[in-house]
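Written below as structure tokens is the structure these notes are about.
The values are calculated or read from the model by the stated rules, or taken from the named source; none is laboratory data. Predicted model only: the values in this text are computed from it and were never measured. We place every Cβ from the backbone using ideal geometry, glycine too, and count neighbours over all the protein chains shown.
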Amino acid sequence: MPADTQNRREVRRTGIVVSDRMAKTIVVRVDRKVLHPVYKKYMRRSSKLVAHDEKREAKIGDTVELVFTRPISRTKRWRLERIVIAAPGQRTAAEGGRP
């Protein structure tokens, strides 16, 4: 491993896959809680991140971990690291699901 990458902290996010319709691309919703500056109440906020899924293994509903990477396309700056929790009731390609 090069010396300059050993000291860098990897940026990781965990979220839920909301779309897997594009080729080798998934859209992941990442939720966070933000404290309101006046009312001091936590609010739920979410972001949608576009991530690269080389093997096309993530399906809608999966909880996945993403890692920040070099720009892959105009909107893709994240890469699928691993599937944390697979969504129940997933169909494989042999059963008639997405190839």
Discussion item. Of everything in the stretch 3-20, what is part of a strand (DSSP E or B) and either surrounded by 13 or more Cβ atoms within 10 Å (Cβ to Cβ) or at pLDDT below 95 (or both)? Give them in sequence order.
Written reply: R13, T14, G15, I16, V17, V18, S19, D20
Item to complete: Please go through the stretch 33-82 and pick out each residue that is free of Cβ contacts under 8 Å to residues at least 40 places away in the same chain, farther than 10 Å from G15 by Cα and part of a strand (DSSP E or B).
Response: K33, V34, L35, Y42, M43, R44, R45, V50, A51, H52, R79, R82
Worksheet item: So which pairs qualify, if the first residue must be in the stretch 8-24 and within 12 Å of A51 (Cβ to Cβ), the second must be exposed (fewer than 11 other Cβ atoms within 10 Å of the Cβ) and not hydroxyl-bearing (S, T, Y), the Cβ gap must be under 8 Å, and the two must be at least 6 apart or on different chains?
Response: K24/E54
Worksheet item: Which one of V17, V27, V67 is in contact with a Gly (Cβ under 7 Å, 6 or more places away or on another chain) and either of a type in the set (D, E, K, R) or closer than 20 Å to R82 by Cβ (or both)?
Response: V17
